[in-house]
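Chemist: Have a look at the structure that comes next, please.
Each reported figure results from applying straightforward, stated rules to the coordinates on display, with no laboratory input. Please read all numbers here as calculations on a predicted model, not as lab measurements. Because the Cβ atoms are built from the backbone with ideal geometry, glycine has one as well, and the counts that use them run over all protein chains shown.
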Amino acid sequence: MRGYPEGVRSLIASLAAIVALAACAGGSASASTTTSLRITFWENGRGTSTPIVWTLRCDPARGTLPRPARACARLAAGGPKLFAPVPPDMACTEIYGGPQVARVVGTVKGTRIWTTFTRANGCEIDRWQRLSPWLLPAGGVTR
């Protein structure tokens, strides 16, 4: 840019900055609505069985998860709050629901999700049921 007059160099620098800002803003706007998940499920508990892995992407609904359109519709309605952990001060019944474990990793409406589901007590069973059967298996798994 040495051969250009000072005013032209300023204009080029300003345009480059505007283009860079627009690219960043455009990228973050589209990423803020992204829903993309990887669901790993262990039928007999983590480390004791071979995991089953499903994927899910929305807009458009696709992936290896059965009925992705149904799952995407539920995620669009419930959003990231569906993955909220059990509050630490919650009193839970000591009911064991089974050894199943599921880990969900990804984003829902642009919010990062990294959570594990178990059926270790009444609260965790309820949390599991919020996502079952459209995201987590309700009972046995069919491959």
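Chemist: In Å³ and rounded to a whole number, note down the convex hull volume per residue for the Cα atoms of region 55-111.
Modeler: 123
Chemist: Taking the Cβ of R103 as the centre, find all other residues whose Cβ is under 15 Å away and add up their charges (Lys, Arg: +1; Asp, Glu: -1).
Modeler: With Lys, Arg at +1 and Asp, Glu at -1, the neighbours total +3.
Chemist: Next question, about the same structure. Compute the distance in nm between two label points, each set 7 Å from the Cα along the Cα-to-Cβ direction, one at T116 and one at S132.
Modeler: Taking the simple label geometry, T116 and S132 are separated by 1.8 nm.
Chemist: Arranged from highest to lowest average of other beta-carbon atoms within 10 Å per residue, in what order do the peptides 83-94, 115-126 appear?
Modeler: Answer by packing, highest mean first, reads 115-126, 83-94.
Chemist: Under a point spin-label approximation (7 Å from Cα along Cα-to-Cβ), what is the S49-V105 distance to one decimal in nm?
Modeler: 2.0
Chemist: May I pose another question? Fully extended, how many nm does the chain gain between T34 and A91 (0.36 nm per residue separation, minus their Cα-Cα distance)?
Modeler: That pair, T34 and A91, stretches by 17.1 nm at full extension.
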